[in-house]
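These notes are about the structure you will find just below.
The values are calculated or read from the model by the stated rules, or taken from the named source; none is laboratory data. Bear in mind that the values here come from a model prediction, so they are computed numbers and not experimental data. Cβ coordinates were reconstructed from backbone atoms using ideal geometry, including for glycine residues, and neighbour counts include every protein chain displayed. Quick note on the areas: whole protein, heavy atoms, side chains included, nothing else; ligands and nucleic acids left out. Shrake-Rupley method; radii C 1.70, N 1.55, O 1.52, S 1.80 Å.
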Amino acid sequence: MRYPLLHATGITATLLYAGFVVWVYATQPRTLKDVTQGARVAAGAYAVDAARYDTALSLFHRGLFRAAREEWERADPARADARTQFYIAYAFYREGWGRLYHDDALYGQGLQAVDRALALTPAGSLIVADPDLKMHTAAELKAELEKGREKTWSDLNPLRVLEERK
Amino acid sequence: MKDDPARRRAVARVLLLPLLFLTVALLGGMRVAVDRSFVFLPPPLVTLVMAALLASLFMRGRLVRLEAWLGSRHGVLTNVSHALTLVALFFASAQAFNSVLPEQGLLHWMFAFFFLWTLWNDQFSPFDPFRLLRSLGVLFGTAFVLKHMILGALAAPGGSWTQRIASAIFQGLSLGTLDVPAVAPATGYISFFTLALYVIGLVLVAPTPDEPGDVRPLLREARLLTPGERRALLKELEEE
């Protein structure tokens, strides 16, 4: 056989490029920035912006949930950090929670965020040890958000006003 | 490093061709929306059928001689490399069709029918590689002009009042079934570039991978000879 090294190089380059093409169609990046971010995530070189993350956390603890979410979205533009997505979902939960009723739209967005957090932790063992939170796992948060969106007769129970926000 | 023509042909076949076809596969489904965001459309099933028909045409037209590309006379690496090139060619063909096929509505099916009909008829026509390439150029060129220049202009947002009137008449006559999504002008440029790359790739494909580059023009010339001239040529070659 002639040029074995050339053939091996060609096969490797073709397979790598084909993998990139399949990845682009599977992830559907909307901008060139998405492409570079996605490539960084795939290469394991992606990290959330720590300064923005801390700012968002302080906003969250002060009860400014919408501002905190926006800051977290900027800190994790690729939505590839499970912890950040967990906090975003928690911010949706706390903003949507009401003593008399829960905001279904915010709870729905919270569910999407917590699903992303769960998808990013295949082992499902995401535990956030924040003393300000009453739910420390993504599974608990998901169950609470789902419960909040369910329509049951217990919604009419007047004792519901005594429930605590978690 | 020794730079001989055979090596250059091997580099083109093993490295350049698959990467070129994969670029076509990448860009063929790419659209730029009006808000300048990218949309990547995977090949619809009908384009895979068209690509299969086209692959059959490639073999019938001797643009690709499968027995020369794959077989026991090559080593494993060479066979794998050639197989990858042919697979890339198949997906590039599917995405080249995807690039000039309207995305939805009645026009999608009208264009698909036009392509399928042409490809099906071509299955029964005598072809040589040169005629096949010319026929494909015309087929893709016509579809490109129809989709990206005529329909694209009618569906473009804004524009002059004559364009808006033409668009309204077009929609009215078709009872709203000719649903053409508005895209940014960049989509047309990407499609043009994609089709150009595809045609360049097809020109670079050698029917026989190890064929010397200057054989093809000679063969083309030989096909123009009369039967008597061919016999004389063969006799001359045998005598040598």
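Numbers below:
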quantity	calculated
Meets criteria (within 10 Å of chain B (Cβ to nearest Cβ) and without any contact (Cβ under 8 Å) to a residue 24 or more places away in the chain) for A:Leu64	no
Hits in region A:18-45 - residues which are β-branched (Val, Ile, Thr), within 14 Å of another protein chain (Cβ to nearest Cβ) and part of a helix (DSSP H, G or I)	A:Val21, A:Val22, A:Val24, A:Thr27, A:Val35, A:Thr36
B:Val24 being buried (at least 21 other Cβ atoms within 10 Å of the Cβ) and within 17 Å of the chain's Cα centre (by Cα)	yes
Single unsatisfied condition, A:Ser58 versus (1) surrounded by fewer than 16 Cβ atoms within 10 Å (Cβ to Cβ); (2) modelled with pLDDT under 90	(2)
Residues of region B:87-110 satisfying the condition of being surrounded by fewer than 20 Cβ atoms within 10 Å (Cβ to Cβ) and of a type outside the set (Gly, Ala, Ser)	B:Val87, B:Phe90, B:Glu103, B:Gln104, B:Leu106, B:Leu107, B:His108, B:Trp109, B:Met110
Matching helices (runs of 4 or more DSSP H) fully within region A:46-122 where at least 1 residues are hydroxyl-bearing (Ser, Thr, Tyr) and within 23 Å of A:Lys147 (Cα to Cα)	A:82-96, A:104-119
Residue within region B:203-225 that is within 26 Å of B:Gly61 (Cα to Cα), among the small types (Gly, Ala, Ser) and modelled with pLDDT of 80 or more present	no
First in region A:13-28 and within 22 Å of B:Arg31 (Cβ to Cβ), second anywhere and open to solvent by 50 Å² or more (accessible area, probe 1.4 Å), Cβ under 7 Å, 6 or more apart	A:Tyr17/B:Leu19; A:Trp23/A:Ala42; A:Tyr25/B:Pro42
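Let's see how each residue does on (1) closer than 27 Å to A:Ala45 by Cα; (2) modelled with pLDDT of 95 or more; (3) among the polar types (S, T, N, Q):
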position	(1), (2), (3)
A:Gly63	no, no, no
A:Ala75	yes, no, no
A:Ala78	yes, no, no
A:Ala82	yes, no, no
A:Ile88	yes, yes, no
A:Gly96	no, no, no
A:Arg116	yes, no, no
A:Ala119	yes, no, no
A:Ser125	yes, no, yes
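Condition check ((1) outside any loop (DSSP other than H, G, I, E, B); (2) in contact with a helix residue (DSSP H, G or I) (Cβ under 6 Å, 6 or more places away or on another chain); (3) crowded, with 21+ Cβ neighbours inside 10 Å) across all residues:
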residue: B:Asp35; (1), (2), (3): no, no, no
residue: B:Leu54; (1), (2), (3): yes, yes, yes
residue: B:Phe58; (1), (2), (3): yes, no, yes
residue: B:Leu77; (1), (2), (3): yes, yes, no
residue: B:Ser81; (1), (2), (3): yes, yes, yes
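Table: residues versus (1) closer than 22 Å to B:Phe91 by Cβ; (2) more than 8 Å from chain A (Cβ to nearest Cβ); (3) of a type in the set (Asp, Glu); (4) not in a helix (DSSP H, G or I).
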| position | (1), (2), (3), (4) |
| --- | --- |
| B:Leu16 | yes, yes, no, no |
| B:Leu19 | yes, no, no, no |
| B:Val24 | yes, yes, no, no |
| B:Arg31 | yes, yes, no, yes |
| B:Val39 | yes, no, no, yes |
